[in-house]
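Each value in this text was obtained by applying a stated rule to the coordinates, not by laboratory testing. Source: prediction; values computed, not measured. Because the Cβ atoms are built from the backbone with ideal geometry, glycine has one as well, and the counts that use them run over all protein chains shown.
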Amino acid sequence: MLFPAARRIHADNVQLASTLERLRYEHWEDESFAEEVTEALMSFVTEPQHRNTDKLAYMLRGFFEGLRRHIAFEREHLIPMLLGRTENRA
């Protein structure tokens, strides 16, 4: 919802379009990483003889850190821009 709204409100902003495209690819990367984490968690539960808590912890830290950075960027930059634009139009 956020990206289409940003594109619609700021259709002429080339820099924003580039940023949104980068973020779209980051979403795909996050989704791919989430699939890997899901597989690791399933393996951790179903194959106790192959459990590697350090590997799983490393994967989870990496996954959550990436998501935190991504969400922080959207909260700090995209949402205020959209809210400011929406408030100015009202």
Computed [θ] at 222 nm, helices only, for the chain once each DSSP H run of length n ≥ 4 contributes -39500 (n - 2.57)
-27500 deg cm²/dmol
Once Cα extents along the principal axes in Å is worked out from the coordinates, which option in (1) 38, 27, 22; (2) 60, 18, 17; (3) 38, 30, 17 does it equal?
(2)
Efficiency by 1/(1 + (r/R0)^6): what FRET value for L56 and M1, r their Cβ-Cβ distance, R0 = 35 Å, to the nearest 0.05?
0.60
Is there a quick way to get the dipole size of the chain? I mean about its Cα centre, with the Cβ of Lys and Arg at +1 and of Asp and Glu at -1; what is the value in debye to the nearest 20?
400 debye
So, by mean Cβ neighbours within 10 angstrom, what's the order for 12-23, 38-49 with the highest one leading?
12-23, 38-49
Can you tell me the 0 to 90 degree angle between the C-alpha axis of helix 14-46 and the longest principal axis of the chain, rounded to 10?
20 degrees
For the residue pair E65 and S43, what label-to-label distance in nm results when each label sits 7 Å from Cα along the Cα-to-beta-carbon direction?
2.1 nm
